[in-house]
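Below: one structure, written as structure tokens.
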Amino acid sequence: MSDTTSIHAGAAAALATREYHLAHEPHPENGTSLGFWLYLMSDCLIFAVLFATYGVLGRNYAGGPTGAELFDLKLVAVNTAFLLLSSITFGFAMLQKQQRNVQGTLVWLAVTGLLGLAFLGVELYEFAHMLHEGAGPQRSAFLSSFFTLVGTHGLHVTFGTIWLVTLMIQTAKHGLIPENTRRLNCLSMFWHFLDVVWIGVFTFVYLMGVL
């Protein structure tokens, strides 16, 4: 009888320990980081396919306009500066996060969000101008692959900006709790990843398209 009681007591203690762990640590740090790295690797594959597609179709103009005729490198350079600066300001936000400065973190996140919106605004202007000139994605294989690659990157920046605003609200409401800190770390990786992808877009699509 005493053995049975001991077994039940041990099982109850183990269950209580597990419930405590799940309640206080629902998302182990290493597990979240690993999962997000796996997501970024899948995104790398998506962009690798899009870059490869553009590499194959990027010179198929079908008698339509070429990149040299459509691209405004000065405008694209300004847009690139917006996105690269947003990566720097995000770095400042992470420094403020390490110092447990909620207000400083929110300020730099807001600056990052504004730069992201500026990037999206310039990109939408570029798309609208191209469509006005009759250079839509249906015009040629070059334009189809261009709009798909650049548009996919733009969608990622849009989702990243929405995520950033959501985290700003959560941080303002709850502070730099472990959950928000973990989410900021993931968003930081995502944002810097988009910068790296854009450098490839700027070099491979715009610079090589004009040369």
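The values are calculated or read from the model by the stated rules, or taken from the named source; none is laboratory data. Just so it is clear, the structure is predicted and the values come from calculations on it, not from any experiment. Note that each Cβ is placed from the backbone with ideal geometry, even for glycine, and that neighbours are counted across all protein chains shown.
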Sort out which residues of region 153-201 are surrounded by 14 or more Cβ atoms within 10 Å (Cβ to Cβ) and outside any helix (DSSP H, G or I), and write them in order of number. LEU176
Lone qualifier among PHE127, PHE119, PHE146, PHE204 - being of a type outside the set (Ser, Thr, Tyr), surrounded by 19 or more Cβ atoms within 10 Å (Cβ to Cβ), more than 25 Å from PHE36 (Cα to Cα) and in contact with a helix residue (DSSP H, G or I) (Cβ under 9 Å, 6 or more places away or on another chain): PHE146
Condition met for THR112 (among the hydroxyl-bearing types (Ser, Thr, Tyr), under 13 Å from the mean Cα position of the chain (by Cα), buried (at least 19 other Cβ atoms within 10 Å of the Cβ) and closer than 19 Å to LEU187 by Cβ): yes
Of all residues in region 58-72 being among the small types (Gly, Ala, Ser) and surrounded by fewer than 13 Cβ atoms within 10 Å (Cβ to Cβ), which is nearest to PHE127 (Cα to Cα)? ALA68
Evaluate the following for ALA135: is it within 24 Å of VAL210 (Cα to Cα) and without any contact (Cβ under 8 Å) to a residue 40 or more places away in the chain? no
Members of region 73-94 found to be of a type in the set (Phe, Trp, Tyr) and either surrounded by fewer than 18 Cβ atoms within 10 Å (Cβ to Cβ) or touching a Pro at 6+ places or on another chain (Cβ under 7 Å) (or both), listed by number: PHE92
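Conditions (1) among the basic types (Lys, Arg); (2) in contact with a His (Cβ under 7 Å, 6 or more places away or on another chain); (3) modelled with pLDDT under 95, marked per residue:
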residue: HIS24; (1), (2), (3): no, no, yes
residue: LEU34; (1), (2), (3): no, no, yes
residue: VAL49; (1), (2), (3): no, no, no
residue: THR53; (1), (2), (3): no, no, no
residue: VAL56; (1), (2), (3): no, no, no
residue: ARG59; (1), (2), (3): yes, no, yes
residue: ALA81; (1), (2), (3): no, no, no
Kindly indicate the residue of region 46-82 that is over 20 Å from the mean Cα position of the chain (by Cα) and of a type in the set (Val, Ile, Thr) and also nearest to THR161 (Cα to Cα) among those meeting that condition. THR53
Filter region 130-143 down to the residues that are assigned to a helix (DSSP H, G or I) and not aromatic (Phe, Trp, Tyr), then identify the one that is surrounded by the most Cβ atoms within 10 Å (Cβ to Cβ). LEU143
Filtering region 154-176 down to residues that are in contact (Cβ under 8 Å) with a residue 12 or more places away in the chain and over 16 Å from the mean Cα position of the chain (by Cα) yields GLN170, THR171, ALA172, GLY175, LEU176
Since GLY104 meets every condition but one in (1) assigned to a helix (DSSP H, G or I); (2) within 20 Å of GLU69 (Cα to Cα); (3) small (Gly, Ala, Ser); (4) at pLDDT 95 or above, which condition does it not meet? (2)
